[in-house]
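J.: Take this structure, written in structure tokens, and hold onto it; I'll ask about it next.
The values are calculated or read from the model by the stated rules, or taken from the named source; none is laboratory data. The model shown is predicted, which means the values in this text are computed figures rather than measured ones. Positions of Cβ are backbone-derived with ideal geometry, glycine not excepted, and every protein chain shown enters the neighbour counts. For accessibility, only protein heavy atoms count, side chains too; no ligands or nucleic acids. Shrake-Rupley method; radii C 1.70, N 1.55, O 1.52, S 1.80 Å.
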Amino acid sequence: MAEDVKPRVKVPKTAAAGEVITIKTLISHQMESGQRKGKDGNLIPRSIINRFTCDFNGENVIDVVLEPAISTNPYFEFDAKVPASGEFKFTWYDDDGSVYEDTKAITVN
Amino acid sequence: MIFSRRELLIVGAGASLTMALPIMTHAATSDELIATFTGGAAVAEGGITLTAPEIAENGNTVPVSIDAPGASEVLILATGNPNADVATFKFGPLAGSFVASTRIRLAKTQDVVAIAKMADGSFASAKSTVKVTIGGCGG
Amino acid sequence: MKNQKILGLIGLTAACSIGFGAIAGPADDSLVINGETEIVTKTTAPAYIDGLSEIYSGWHFREADTRVMQADDFDNPGMLGVEAAKDVWSEVDGSEGKACASCHDDPASMAGVRTQMPKFNEAKGTMYTMEMYINDCRTERMGAEAWGWDDSDMINMTALISSVSRGLPMSVAVDGPAAPFWEQGKEMYYTRYGQLELSCANCHEDNYGNYIRADHLSQGQINGFPVYRLKSADLSSIHNRFKGCIRDTRAETFKPGSPEFIALELYVASRGNGLSVEGPSVRN
């Protein structure tokens with residue numbers, strides 16, 4: 001697992017049924033592009049988060065393929081429809097096989 | 001993080017580009033990536049919006065957003081990067097809009113392109129020129 | 001001898017070829033963080049600063065996209081460092097079985113600390129920066145190892161301690177025992193360094209608002225430190241910034257933590273007395 005990888009997500013705690021809410025996500029990650037040279041003059045191997053997904057109660061909201069051109073600490077902002085109370089699940093997939101997850105509950109009132 | 005001057009030059013030349021180095025592996029060109037994405041279908045200009053700054057203070061962290069009403073999938077390309085592909089967004093059934101934002105690396109002044117695959121199978125595109133100032137003294 | 005002449009000539013040519021470009025002064029904008037913390041980003045210069053009438057945070061000299069990034073803690077990647085430091089804050093380290101939290105409770109208890117840094121430490125008889133206070137806590141109270149000046153643990157901790165002072169005005173003391181350090185820093189500020197023979201003042205007092213090549217020059221205020229730099233995608237300390245500036249004049253630089261940089265930090269901080277603490281800010 002890459003060092004110090006920590007996901008953050010921002011989701012409102014409540015919403016009206018069917019409301020569209022804005023979600024922000026940020027994960028601390030170097031996103032090593034594979035094109036940079038280290039102090040020893042050799043290329044530093046690519047090591048990035050290559051996919052990010054957000055689902056709500058098992059249904060997909062957004063599914064993103066990331067390339068090395070995504071900046072360090074990948075940031076996404078997008079909208080989701082909230083049909084009922086439930087849980088958002090956020091998943092980041094690392095080149096090294098690690099999978100980072102976060103969840104946020106939201107209540108429809 | 002401490003960079004040597006040499007590393008800084010490399011980073012400065014583009015977060016991911018080394019113009020002085022021969023590119024060992026074949027990097028797909030924008031045209032090839034678009035052809036793969038569209039399967040060779042015609043791409044209409046307009047119908048979607050790509051928002052990017054006119055001037056990016058540093059190519060390492062450039063905010064971009066797309067608004068592609070009716071799209072199922074959007075491909076973002078940085079045509080002047082060593083590898084032109086940046087990201088592909090797929091909107092799921094619970095997407096609340098066709099808007100998404102992220103931050104990207106641009107190696108130099110160039111066109112950023114978004115190609116959207118619409119629900120009816122057609123394709124739309126938008127383009128935005130971003131001037132990258134290789135700036136930021138010192139550090 | 002011949003070499004020296006050639007070097008001198010190169011220096012002169014380089015200095016002449018640096019143009020200070022068109023004026024595009026400070027952006028007319030105001031900063032409120034998280035919709036609640038009002039930040040004073042421009043105010044009247046302190047009386048003891050001769051070369052400036054108004055002082056501006058470096059925030060005013062950045063493009064709109066960069067300015068917006070600092071207005072919300074979620075959008076500010078520097079807050080990743082703050083969060084990492086919050087974890088460290090309550091982690092026991094060293095022989096005494098203590099964490100920061102053992103003595104200082106919540107990080108919020110550090111509100112106001114950043115506004116006075118650097119500060120004359122009576123017990124130690126010298127000028128102290130936040131890094132030095134942190135390391136004294138670690139070595140003397142916790143029995144832990146000192147952090148390096150630019151270790152990520154150190155920069156993250158300074159970011160956390162700054163973050164709880166955001167919105168409070170910088171107010172470093174310049175008189176009393178601080179006076180000789182302040183004088184030393186002032187002397188440095190107006191000294192031309194390097195082959196390019198540039199002083200801090202040449203860029204940040206005489207030419208703020210102008211462009212030096214592609215860089216929009218700020219007043220070089222340090223109320224926003226540590227800063228998250230888009231360039232390095234990482235937090236950067238005050239002394240690391242000084243080092244970069246001096247190196248850009250093509251001079252041998254002082255070391256982070258050196259007496260010279262501590263004196264310069266005091267003087268530069270005093271030039272921003274009255275601006276709000278912003279750290280961790282977002283810059284290019």
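J.: How about the stretch B:57-74: which of its residues are open to solvent by less than 20 Å² (accessible area, probe 1.4 Å), under 14 Å from the mean Cα position of the chain (by Cα) and under 13 Å from B:Val99 (Cα atoms)?
T.: B:Val64, B:Ile66, B:Val74
J.: Can you pull out the residues in the stretch B:56-104 that are charged (D, E, K, R) and touching a strand residue (DSSP E or B) at 6+ places or on another chain (Cβ under 7 Å)? If you could, list the steps in order and put the result at the bottom.
T.: Pass one, the stretch B:56-104, residues charged (D, E, K, R): B:57, B:67, B:73, B:85, B:90, B:103.
Hits for the stretch B:56-104 are B:Asp67, B:Glu73, B:Asp85, B:Lys90, B:Arg103.
J.: Would you pick out the residues in the stretch A:10-31 that are assigned to a strand (DSSP E or B) and open to solvent by less than 20 Å² (accessible area, probe 1.4 Å)? Show your work before the answer.
T.: Keep residues of the stretch A:10-31 that are assigned to a strand (DSSP E or B), which gives A:10, A:14-15, A:19-27.
Listed by number, the residues that qualify are A:Ala15, A:Ile21, A:Ile23, A:Thr25, A:Leu26, A:Ile27.
J.: Here's another thing I want to ask about it. Of the conditions (1) surrounded by fewer than 24 Cβ atoms within 10 Å (Cβ to Cβ); (2) modelled with pLDDT under 95, C:Ser258 clears all except one; give me its number.
T.: (2)
J.: For A:Glu67, are the conditions met, namely being acidic (Asp, Glu) and open to solvent by 70 Å² or more (accessible area, probe 1.4 Å)? Spell out the reasoning first.
T.: On the way: acidic (Asp, Glu): yes; open to solvent by 70 Å² or more (accessible area, probe 1.4 Å): no.
Against the criterion (acidic (Asp, Glu) and open to solvent by 70 Å² or more (accessible area, probe 1.4 Å)), A:Glu67 does not qualify.
Let's see how each residue does on (1) of a type in the set (S, T, N, Q); (2) within 14 Å of chain A (Cβ to nearest Cβ):
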| site | (1), (2) |
| --- | --- |
| B:Ala100 | no, yes |
| B:Ile104 | no, yes |
| B:Ala107 | no, yes |
| B:Asp111 | no, yes |
| B:Ser122 | yes, no |
| B:Lys127 | no, no |
| B:Cys137 | no, no |
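J.: Let me ask you something else. When only residues in the stretch C:65-85 that are hydrophobic (A, V, I, L, M, F, W, C) and at the interface with chain A (Cβ under 9 Å from one of its Cβ atoms) count, which is nearest to C:Ser162 (Cα to Cα)? Walk me through it before giving the result.
T.: Step one: of the stretch C:65-85, the residues hydrophobic (A, V, I, L, M, F, W, C) are C:68-69, C:71, C:74, C:79-80, C:82, C:84-85.
So of that shortlist, the ones also at the interface with chain A (Cβ under 9 Å from one of its Cβ atoms) come out as C:74, C:79-80, C:84.
Details: C:Phe74: 17, C:Met79: 11, C:Leu80: 14, C:Ala84: 14 Å.
Checked the stretch C:65-85; the qualifying residue nearest to C:Ser162 (Cα to Cα) is C:Met79.
J.: Do you know which residues across the stretch C:232-253 are in a loop (DSSP other than H, G, I, E, B) and open to solvent by less than 50 Å² (accessible area, probe 1.4 Å)?
T.: C:Ser232, C:Ala233, C:Ser237, C:Thr249, C:Ala251, C:Thr253
Every residue, every condition in (1) aromatic (Phe, Trp, Tyr); (2) out of contact with any Ser or Thr (no Cβ under 8 Å at 6 or more places or on another chain); (3) open to solvent by 50 Å² or more (accessible area, probe 1.4 Å); (4) under 22 Å from A:Arg51 (Cβ atoms), yes or no:
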{"position": "B:Phe91", "(1), (2), (3), (4)": "yes, no, no, yes"}
{"position": "B:Ala95", "(1), (2), (3), (4)": "no, yes, no, yes"}
{"position": "B:Thr102", "(1), (2), (3), (4)": "no, no, no, yes"}
{"position": "B:Gln110", "(1), (2), (3), (4)": "no, no, no, no"}
{"position": "B:Ala116", "(1), (2), (3), (4)": "no, no, no, yes"}
{"position": "B:Phe123", "(1), (2), (3), (4)": "yes, no, no, no"}
{"position": "B:Thr129", "(1), (2), (3), (4)": "no, no, yes, no"}
{"position": "B:Ile134", "(1), (2), (3), (4)": "no, yes, yes, no"}
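J.: Go through C:Gly224, C:Gly244, C:Gly220 for me and flag whichever is touching an Asp or Glu at 6+ places or on another chain (Cβ under 7 Å) and either touching a residue at least 12 places away in the same chain (Cβ under 8 Å) or over 14 Å from C:Gly185 (Cα atoms) (or both). So that I can check it myself, show each step before the final result.
T.: Values: C:Gly244 fails: touching an Asp or Glu at 6+ places or on another chain (Cβ under 7 Å); C:Gly220 fails: touching an Asp or Glu at 6+ places or on another chain (Cβ under 7 Å).
Exactly one residue qualifies, and that residue is C:Gly224.
J.: For the stretch C:1-115, give me every one of the helices (runs of 4 or more DSSP H) that falls completely inside it and has 2 or more residues that are at pLDDT 90 or above and closer than 30 Å to A:Phe76 by Cα.
T.: Because the criterion is at least 2 residues that are at pLDDT 90 or above and closer than 30 Å to A:Phe76 by Cα, the helices (runs of 4 or more DSSP H) in the stretch C:1-115 that meet it are C:64-69, C:79-89.
J.: Please specify each residue of the stretch C:174-216 satisfying the condition of being farther than 20 Å from C:Cys245 by Cα, in contact (Cβ under 8 Å) with a residue 12 or more places away in the chain and surrounded by fewer than 17 Cβ atoms within 10 Å (Cβ to Cβ).
T.: Listed by number, the residues that qualify are C:Gly176, C:Pro177.
J.: In addition: Is it the case that A:Glu77 is assigned to a strand (DSSP E or B), open to solvent by 40 Å² or more (accessible area, probe 1.4 Å) and at the interface with chain B (Cβ under 8 Å from one of its Cβ atoms)?
T.: Values: assigned to a strand (DSSP E or B): yes; open to solvent by 40 Å² or more (accessible area, probe 1.4 Å): yes; at the interface with chain B (Cβ under 8 Å from one of its Cβ atoms): yes.
The answer is yes for A:Glu77.
J.: Pick out the one residue from B:Pro82, B:Pro93, B:Pro69 that is outside any strand (DSSP E or B) and either closer than 19 Å to B:Ala42 by Cα or within 14 Å of chain C (Cβ to nearest Cβ) (or both). Before the answer, list the steps.
T.: Working: B:Pro82 fails: either closer than 19 Å to B:Ala42 by Cα or within 14 Å of chain C (Cβ to nearest Cβ) (or both); B:Pro93 fails: either closer than 19 Å to B:Ala42 by Cα or within 14 Å of chain C (Cβ to nearest Cβ) (or both).
Answer to the selection: B:Pro69.
J.: Let me ask another. Specify which of the listed residues (C:Gly274, C:Gly257) is under 21 Å from C:Arg229 (Cβ atoms) and among the small types (Gly, Ala, Ser).
T.: One residue alone meets the criteria, C:Gly257.
J.: Taking A:Gly97 and the conditions (1) open to solvent by 20 Å² or more (accessible area, probe 1.4 Å); (2) assigned to a strand (DSSP E or B), which numbered condition does it fall short on, given that it satisfies the others?
T.: (2)
J.: Take the residues in the stretch C:121-142 that are part of a loop (DSSP other than H, G, I, E, B) and open to solvent by less than 30 Å² (accessible area, probe 1.4 Å), then tell me which one is farthest from C:Pro177 (Cα to Cα).
T.: Here the answer is C:Met142.
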